[in-house]
Amino acid sequence: MRIAKDTPLAAVTRGSSPNLRRAAGFLLVMLLQLVVANGAVGAEYAWQQLPALPDAEGFAGPYAGVAGGSLLVAGGANFPDARPWDGGAKVWYDTVFILDNPDGSWRTLGRLPRPMGYGVSVTTDAGVLCIGGSDATGHYADCFLLKWDGQQLRVEDYPPLPSTCANMCGVLAGRTVYVCGGTETPTSTTALKTLWKLDLDHVDAGWQTLPELPGPGRLLPTAAYQSGKLYVVGGASLHADADGKPARTYLTDGYSFTEKTGWQSIQDLPRPAVAAPSPAPAVGVSHFLLMGGDDGKFVDFEPKTEHPGFPRDVLAYETVTDTWVVVETLPKEVHSPVTVPVVQWQDRWVLPSGEVSPGIRTPAVMSLQVTATSAAFGVINWVIVAIYLGGMIAVGWWFMQHDAASTTEGYFRGGQKIPGWVAGLSIFATMLSSLTFMGIPARAYRTDISWYIGQLPILIVVPLVICFYLPFFRSLNVTSAYEYLEKRFNLQVRLFASASFILYHIGRIAIVLYLPALALAAVSDIGVIPAILVIGVLCLIYTVMGGITAVVWTDAIQAIVLMCGATLCCVLAAIRADGGIAGVARVAMDDDKLLQSLQWDSINVDNGTASVWVIFVAFLFNALVPYTSGQDVVQRYVTTKDLPTARRSLWLTMWMSVFGSLIFFLMGTAIYAFYKSHPGDLDPTLAGGDSILPFYIMQQLPVGISGVVIAAIFAASQSTISSSLNSIATAWITDVDARLLRPGREDHVYLQSARNVVVLIGTIGIGVACWMAFTKIDSAFKTFNEIIGLTAGSLGGVFALGVFTKRANGTGALIGAVAGIAVVLTLKFTAAPVTGLMYACIGLTTCFVMGYVSSLPGGIRTGKPESGMSTGWTSDQA
């Protein structure tokens, strides 16, 4: 039956409709923006001179930070009367200067407790924390906070360091301050290897001593905090010279540290760097910048008045590939200072004063802004993307015109005429999504392919579904998977399950919309929001028009497109890496990018677990949940003509999942190998942990090929979105509207309601995705696996109770579901040491056990079960 012309959404499916013409005009405007958009391909370094400090000499070793929104610079030392080689004496200062805005003027704000310098300073939310330091008489352990409220400068004492210390490095990591290295006295002939931390949430506990830095002790190293790790690089070790005085050895080694893994060595600096501005600016998601620093090359240069200064190159360290590269050379008008803190203020990094050559300071205050640059993505690429998007609309239009979606039977089940191979590809595309396309390569790039072990449980899940679950759904001839739960338990269980599915998939739509939009934003300047609108609205249109038939056929096409795009990208990345495929294999082996991190003798369930057994079990349940209780997957089981065809569709899905996911993991490894040998091509401003694939597409793939791969990312997203939209509509109409709210209405009423639901839910999903664009998900692939356990583990447990037991009743099933959700929520929000990957397992198991135990008082179900309600697994005592 066709949709009545006077229904609210009938105009959406009529080519002569003004609404459709307006929608087409909106999409045309969006696509025109795509054609002229530019993509991020690199970084731009903009240096600016801020107002100079009101001191003729300037200072080395000052404290600096931000308090009350203003920039504070305090203390430090210089040679005001004569150069040191002319007998000048070093003088320490206690003056505190303030600059309220970058184009303002410095003024004197107050004074420190004593003249000091050469300590560490970090910006906290309470003010500038000044740590240790020295004066003309010795070193100090004192720590104090400079607080500025716009009216008064106050100095607040903080717990002292465990010992006197100056010339060290330090950095703020979240709410923890780390201090490393330095010297204990001015005459020390050995430098410290100490690492101390102060928890700002528990200041009264004082400084804690952590494991010592490996290698030699050092003074004036550079600290950085990036990607959850503390980094300490360069500096100089000390030894006694022939006269017993301290002499320096310039260092190039560096180390990373976390309290969980301890110290680990990183790639050596390409040159020594002593007293480089610290802490080093952390930019993007995986870089930090080391600016200048004394390399010791001119330590004995004469005459000292003509000293050429310190190195002017800016080195970037990339934490994933463990590589250093020169990314910038300071302009001639910019000094290269040492012994100066780095302060992040507003949208820039500030270097206030410092030493520009031995004994000579500068009052100049320099700032650095690092921004992404853009280049045209190209009309050809966008033509390819537009052809793909137009093709999807055409598929939906074709099936609408051929009455494939003119009844609820056709709209929800495709008349049970879908070929098995199409249904199989549709399930694969639905389960894959843009989360896989972008998230898995990003994870393989950042870590390794160890999570591929998590793709193998599908070899267990599919046979389990075919043997025990599929017969239920086919023999009962259900439209919604949750119809079975009413037959097995009661209406309340059915409604609970259906509502859980609907709420979860609204969120899922938003996630898989956001990721391809992020990909588009990474290669263009149209922004994430317009991209979300284009992808979402187009998908919404063909889903509304063609129903499940259009969804499964577009899914099948999208599965082919996304696998072709992924394979092409993987092959090209491997070929373009140094040494080709053999080079990729060599790098993967040398850098432990394969399965080397897996632990066979561990059952550790903490975050970051590498246990083979934990990963395998976690992903087993993460796959079991949607394949046994997800309407979007179960709906495919009933679109084919018979049970054998449905089985064949699942076998195809299984092998596609095993080999397809391997391609995505290897793609990330190949991209890693490429950038390992071409670190200068990486963009330090790259934002978002999952952005490496779209960045590589834009930067390295030829014109036309990049358009194909972007289209593949769109395909991965739209296949999941369309499936979620149609399955939500199916669940709502079948489980709620036709069953509870408006039973017995004519078919066309439910059909029109289904279309309304698709539009409503699609609109909500698009809106949530736009909101997510402001929250910056770090790793959506891992986030997705956590969410699936939080919302769906208990749902899988309810189905397992129905399939594998006869004792379980409706009350017990609901108790079990609530218990499963409660346990998982408790683990999540109490920060329990359990990886989120295990939430589906925990939720399902808790639901099953509690549901069964809660049902025991009710006894065994009596009466003859409906046809198709039992399997050989269940027994009279189960």
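Every number here is computed from the coordinates shown, using simple stated rules; none is lab data. Everything numeric here is computed off the predicted structure, so don't read it as measured data. Positions of Cβ are generated from backbone atoms using ideal geometry, with glycine treated the same way; all protein chains shown enter the neighbour counts.
Amide H contacts of residue 109 (H built 1.01 Å from N, in plane; Pro and chain starts excluded): 96, 97, 98 sit under 5 Å, all sequence-distant by 5 or more or on other chains.
Panel note: the C-alpha atoms of the range 674-775, placed on their principal axes, show extents of 67, 30, 17 Å (largest first).
At a Förster radius of 41 Å, what calculated FRET efficiency corresponds to the Cβ-Cβ distance of residue 100 and residue 258, to the nearest 0.05?
It comes out at approximately 0.65.
Seen from all directions on average, the range 242-301 presents a Cα convex hull projection of 6.4 nm². Among 736, 512, 561, whose Cα projects farthest towards the positive end of the dipole of the chain, with charges put on the beta-carbon of Lys, Arg (+1) and Asp, Glu (-1)? It is 736, whose Cα lies furthest towards the positive end. Checked against a 26 Å cut-off, the cross-linked pairs 90/297; 304/332; 487/828; 147/260; 90/229; 90/304 give Cα-Cα distances beyond that limit for 487/828; 147/260; 90/229.
Restricting the calculation to Cα atoms, the range 65-125 yields a radius of gyration followed by a Dmax of 13.8, 44 Å. Going from the residue with the fewest nearby Cβ atoms within 10 Å to the one with the most, 263, 771 rank 771, 263.
Cβ-to-Cβ counts within 10 Å put 239, 678, 287 in ascending order as 239, 678, 287, the fewest first. Using the alpha-carbon positions of the range 43-372, Rg (one decimal) and Dmax (whole number) come out as 18.2, 54 Å.
The label point for residue 771 and the one for residue 306, both projected 7 Å from the Cα toward the Cβ, are 6.8 nm apart.
Just round it to a whole percent: the fraction of Cα-Cα distances in the range 538-628 exceeding 15 Å. Roughly 76 percent, rounded to a whole number. A straight chain from residue 589 to residue 47 at 0.36 nm per residue would run longer than the Cα-Cα distance by 191.0 nm. Hey, how many Å between the Cα centroid of the range 343-422 and the Cα centroid of the range 84-158? One Cα centre to the other: 45 Å. In the chain, taking the dipole from charged Cβ atoms about the Cα centre, the farthest positive-side position among 206, 760, 118 is held by 760. Put simply, the range 51-197 fits an ellipsoid with semi-axes of 24, 22, 12 Å; these come from the alpha carbon gyration tensor as the roots of five times its eigenvalues, largest first. The convex hull of the Cα atoms of the chain, projected and averaged over all directions, covers 40.7 nm².
Here, the range 488-569 yields an orientationally averaged convex hull projection of 7.6 nm² when only Cα atoms define the hull.
Expressed in Å, the radius of gyration and Dmax of the Cα atoms of the range 791-857 are 11.6, 36. Placing +1 on each Lys and Arg Cβ and -1 on each Asp and Glu Cβ, with no other charges, gives the chain a dipole about its Cα centre of roughly 3680 debye. Computed about the Cα centre, the dipole magnitude for the range 43-372 is approximately 120 debye when only Lys and Arg (+1) and Asp and Glu (-1) carry charge, each at its Cβ. Here's how it looks for residue 188: its modeled amide H is under 5 Å from none belonging to a residue 5 or more places away or on a different chain. Taking amide H atoms as placed 1.01 Å from N in the peptide plane, the amide H of residue 285 lies under 5 Å from those of 686, 688, each 5 or more residues away in sequence or on another chain. The order of 418, 842, going from fewest to most other C-beta atoms within 10 Å of their C-beta, is 842, 418. Separation of the range 213-265 from the range 536-574 is 51 Å, based on Cα centroids.
The charge dipole of the range 337-422, taken about the Cα centre with unit charges on the Cβ atoms of Lys, Arg (+1) and Asp, Glu (-1), comes to about 80 debye, rounded to the nearest 20.
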